[in-house]
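First the structure, in the form of structure tokens, and then the observations on it.
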Amino acid sequence: MSSPRAYPDGTDHRSRLVNARRVVIKVGTGVVCNADNEFDPAHVSALTNGIAALVLGGRHVALVSSGAVTLGLSELNVHRSRLRDASVTRACAAVGQCKLMEAYAAAFRPHGLKVAQVLVTEDDFSDLNRYRILRQTFEKLLKLGVVPVVNENDTVTNIYTEQARIFRDNDLLSALLLSKLGADALILLSTVDGLLYRGTYASETATVISMVTEITPAIRQSARGASTTGRGGMIAKLDAAEIAMRVGGVVVIANGKTPGILERVFQGEEVGTLFLPGSRMAGRRRWLAFATTVRGQAIINARAATALLQRQASLLISGVTACEGEFSAGQVIAVVDPEGHIIGKGIAELGSQQLSTVLASGESQRGVLVRRENFLILSDKEADV
């Protein structure tokens, strides 16, 4: 953390935003909707004016927009308490998406820009073929000068599942979209001025942190709390920022209701909280690290673990002692060392049934379970994600 412009190395890190050519902007429900949970045309108009200026200035912009469920609630005159019923949530999302897209299409039309609705599910990220196809679609839309308006397809998504999810809110979706597109910057717009820091939990005063180089436990502790209208909150934004930082993107959390906020952010002004990126991962590594669903796991012996971690070798079937879960060839599995620690994950060459048969045969086991180019060694943080 540091104070405005008081960077130890003398570098103006905000210049990264001035030079960003590909951008993902995520807009929270509180920006799209007013206090009555109805569409807020004034703020959306100001937002689209800022996005239009970026696009007409030669940048590629993908917009991730929340608000559909809340707009559907208002349109259907449904009380928010009924969202505990997943079918009601899906119905509201379906109705609200129409209102959201109508509003964006109308707002961008005076600028000569067209919009495209892109509703995604987690399978579009976890399945490598669908992941590639979706990226191709985004690339074509952006090159055609279209503004993709992205949201999770809540009409078919079970948001109340107990299964581990790739993204549980649009903050994380926007970070994965940055990774998918190889974008330079992620802007998270909500109704707060940035990441606020309180000296103690009971403190009523808070200051906006200007810059973050690492998301520490102290920062997370200070950011507790949830959104009243959306599914996220500041913790979700920190999770998204951490993913984006680790795949090489710069992140800003700022107040979407501040006049001219996008213009100010991309002019390099000291607004919001800036999160500095680390080194950029290669595309396959980004997908394995953050966008995949682990279908099962292979337990390996110490010799195989050494080969994977120290020699960057492929995982041979001879190094596998057991497998758990049901998975098919081509799906992602976790690789677990003899002590039970996940050391990485990769794409399996064999399905679980075939692998179990081979392991049970007692015969000499030849062949490869995970090729080295399809294996990602995980740090403790990546294993947690």
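The values are calculated or read from the model by the stated rules, or taken from the named source; none is laboratory data. All of these numbers come straight from a predicted model, not from anything done at the bench. Because the Cβ atoms are built from the backbone with ideal geometry, glycine has one as well, and the counts that use them run over all protein chains shown. Protein only, heavy atoms only, side chains kept; ligands, DNA and RNA dropped before computing areas. Shrake-Rupley method; radii C 1.70, N 1.55, O 1.52, S 1.80 Å.
Details
- From the options Leu100, Leu141, residue that is open to solvent by 30 Å² or more (accessible area, probe 1.4 Å), assigned to a helix (DSSP H, G or I), touching a strand residue (DSSP E or B) at 6+ places or on another chain (Cβ under 9 Å) and modelled with pLDDT of 90 or more: Leu141
- The residue that is surrounded by the most Cβ atoms within 10 Å (Cβ to Cβ), among those in the range 72-91 that are within 23 Å of the chain's Cα centre (by Cα) and not polar (S, T, N, Q), is Arg90.
- When the range 315-329 is filtered for residues that are touching a Gly at 6+ places or on another chain (Cβ under 9 Å) and surrounded by 15 or more Cβ atoms within 10 Å (Cβ to Cβ), the ones remaining, listed by number, are Leu315, Leu316, Ile317, Ser318, Cys323, Phe327.
- Pick from the range 108-119, criterion in a helix (DSSP H, G or I) and in contact (Cβ under 8 Å) with a residue 12 or more places away in the chain, ranking: surrounded by the most Cβ atoms within 10 Å (Cβ to Cβ): Phe108
- Looking across Ser45, Ser87, one residue alone is over 22 Å from Ala254 (Cβ atoms) and either modelled with pLDDT under 95 or assigned to a strand (DSSP E or B) (or both). It is Ser87.
- Any hit, the range 172-195, residues being among the hydroxyl-bearing types (Ser, Thr, Tyr) and over 21 Å from Ile261 (Cα atoms): yes
- Only one of Ala105, Ala94 that is out of contact with any strand residue (DSSP E or B) (no Cβ under 8 Å at 6 or more places or on another chain), open to solvent by less than 60 Å² (accessible area, probe 1.4 Å) and not in a strand (DSSP E or B): Ala94
- Being open to solvent by less than 70 Å² (accessible area, probe 1.4 Å), more than 22 Å from Gly145 (Cα to Cα) and not polar (S, T, N, Q) is a property that does not hold for Val23.
- Among residues of the range 58-84 that are at pLDDT below 95, those with a beta-carbon under 6 Å from a residue that is among the acidic types (Asp, Glu) at least six positions away or on a different chain give the pairs Ser74/Glu38.
- Of all residues in the range 339-361, those that are within 12 Å of Ile377 (Cα to Cα) have Cβ atoms under 7 Å from Cβ atoms of residues that are among the charged types (D, E, K, R) and surrounded by fewer than 23 Cβ atoms within 10 Å (Cβ to Cβ), 6 or more apart or on another chain, in Ile343/Asp337.
- Candidate set from the range 238-276 (those that are among the charged types (D, E, K, R) and part of a helix (DSSP H, G or I)); member that is surrounded by the fewest Cβ atoms within 10 Å (Cβ to Cβ): Glu263
- Once the range 342-368 is narrowed to residues that are within 21 Å of Arg286 (Cα to Cα) and of a type outside the set (D, E, K, R), the residue that is surrounded by the fewest Cβ atoms within 10 Å (Cβ to Cβ) is Ile342.
- Here the range 218-242 is the region considered, the condition is being within 12 Å of the chain's Cα centre (by Cα) and over 24 Å from Ala93 (Cβ atoms), and the residue that is modelled with the lowest pLDDT is Glu242.
- Just so you know, in the range 144-173 the residues that are in contact with a Ser or Thr (Cβ under 7 Å, 6 or more places away or on another chain), part of a loop (DSSP other than H, G, I, E, B) and not aliphatic (A, V, I, L, M) include one that is modelled with the highest pLDDT, and it is Asn153.
- When residues in the range 289-304 are screened for being open to solvent by 20 Å² or more (accessible area, probe 1.4 Å) and not basic (Lys, Arg), 6 of them pass.
- From the list Ser279, Ser318, the lone residue that is of a type in the set (Ser, Thr, Tyr), under 30 Å from Met211 (Cα atoms) and either in a loop (DSSP other than H, G, I, E, B) or in contact (Cβ under 8 Å) with a residue 12 or more places away in the chain (or both) is Ser279.
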